[in-house]
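Written out below as structure tokens is the structure these notes cover.
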Amino acid sequence: MKRIIHIHGVPMDLGANLRGVDMGPSALRIAGLVPALEKLGHQVSDHDELGIRSRVALQVKDTTAKYVDEIALICGRLCGEAERSLAAGACPVFLGGDHSIATGTIAGVSRHFAEQNEKVGLIWFDAHADMNTPETSPSGNVHGMPLATLLGYGVGALVNVGAPGPKVDPANVFVIGARDIDDHERDIIAKAGVKIFSMKEIDLVGMAEVTRRAIEGASRGTAGIHLSFDIDGLDPEIAPGVGTPVRGGINYREAHLFMELLADTGLLTSMDVVELNPVRDVANRTAELVVHLLQSAFGRRIL
Ligand SMILES: [Mn+2]
């Protein structure tokens, strides 16, 4: 399936503790993302016009949700970018930046489908659940909160980006790869009713079966699937270029299999690629790995 792909660079690190993820879009472009997707026959355009302010120009006002005003402002712009790309028949791919951007990108995807009386499923590939709120977060870093905000929990300015309230139905939301969850985050996970496929389940039943279940649930009654791909879901041995590495992650073949099975469905509407930190990377090898994984997500086949 040949597609129109809109790449959107989002060079923002305001939601993270460790600086550097604002260089993620550059690293992916240098690793050849655009030609790699064009090689598969897709029509690719590249955009970078969000006007994000650096934290040098900002101050932390609320230590329980740092830089939340600027993050909400950028998320509002991202919501519009996602809608415009989808309305143009394209698949938007947002290059973070930290994971807080997903509050905006998915708000836009959700709004696009809501206008057609449809909804979107969500697969959240991540070492973490990103379901903290300012009340539960040990750090106040907003990149640990986006899945909670998308489900209607947390800071109003984020929960209401694009439209008031939740953007996704918890029955269609699946986290894959989780292995580091904060104590009080568990309460919100239980309350929200989101299914989490932890590393334990991947070990027990295998990546193929976990992916099959996630796709089945995310596509049930939806117009398609948004993939929010946090690079820290991968094992740090193969993907060291992240700010919050956690041992025991998804390995090389499991990650490709996941992307290949998702591509086979033809249901991928849109994607985030977040938390790539070139400061922690080794000669851009994490960015190169991610480019190969995105090729699998967009249809590269072994046979
Ligand atoms: Mn994340």
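The values are calculated or read from the model by the stated rules, or taken from the named source; none is laboratory data. Predicted model, so just to flag it, every value in this text is computed and none were measured. A quick note on method: Cβ atoms are made from the backbone with ideal geometry, for glycine too, and the neighbour counts reach across all protein chains shown.
When you look at Val142, is it hydrophobic (A, V, I, L, M, F, W, C) and in contact with a Ser or Thr (Cβ under 9 Å, 6 or more places away or on another chain), yes or no?
Against the criterion (hydrophobic (A, V, I, L, M, F, W, C) and in contact with a Ser or Thr (Cβ under 9 Å, 6 or more places away or on another chain)), Val142 qualifies.
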Have a look at Ala82, Ala27 and point out the one that is within 25 Å of Leu267 (Cβ to Cβ) and part of a helix (DSSP H, G or I).
-> Ala82
Which of (1) of a type in the set (D, E, K, R); (2) within 18 Å of Asn17 (Cβ to Cβ); (3) away from the ligand (no atom under 15 Å from the Cβ); (4) within 17 Å of the chain's Cα centre (by Cα) does Glu81 not meet, given it meets every other one?
-> (2)
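Give the residues of the range 241-291 that are of a type in the set (A, V, I, L, M), outside any helix (DSSP H, G or I) and either more than 16 Å from the ligand (Cβ to nearest atom) or more than 18 Å from the chain's Cα centre (by Cα) (or both), sorted by residue number. Before you say what the answer is, go through the steps one by one.
First, pick out the residues of the range 241-291 that are of a type in the set (A, V, I, L, M): 242, 246, 250, 255, 257, 259, 261-263, 267-268, 271, 273-274, 276, 279, 282-283, 287, 289-291.
Retained after the next criterion (residues that are outside any helix (DSSP H, G or I)): 242, 246, 250, 267-268, 271, 273-274, 276, 279, 282-283.
Listed by number, the residues that qualify are Leu267, Leu268, Val279, Val282, Ala283.
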Take Lys167 and decide whether it is within 14 Å of His226 (Cα to Cα), touching a residue at least 60 places away in the same chain (Cβ under 8 Å), away from the ligand (no atom under 13 Å from the Cβ) and buried (at least 24 other Cβ atoms within 10 Å of the Cβ).
-> yes
Kindly provide the set of residues from the range 95-122 that are within 16 Å of the ligand (Cβ to nearest atom) and over 20 Å from Ile5 (Cβ atoms), ordered by number.
-> Asp98, His99, Ser100, Thr103
Subset of the range 58-100 [of a type in the set (S, T, N, Q) and modelled with pLDDT under 95] | Gln59
Tally, over the range 182-197, of residues that are within 17 Å of the chain's Cα centre (by Cα) and either among the small types (Gly, Ala, Ser) or part of a loop (DSSP other than H, G, I, E, B) (or both) = 1
So how many residues does the range 151-176 have that are out of contact with any Phe, Trp or Tyr (no Cβ under 6 Å at 6 or more places or on another chain) and not in a loop (DSSP other than H, G, I, E, B)?
-> 9
Matching residues in the range 123-142 - criterion: being surrounded by 20 or more Cβ atoms within 10 Å (Cβ to Cβ), away from the ligand (no atom under 11 Å from the Cβ) and part of a loop (DSSP other than H, G, I, E, B) = Thr133, Thr136, Ser137
Residues satisfying the stated conditions in the range 104-122, i.e. more than 22 Å from Thr211 (Cβ to Cβ), touching a residue at least 24 places away in the same chain (Cβ under 8 Å) and either in a strand (DSSP E or B) or not polar (S, T, N, Q) (or both) = Gly104, Ala107, Gly108, Arg111, His112, Phe113, Ala114, Glu118
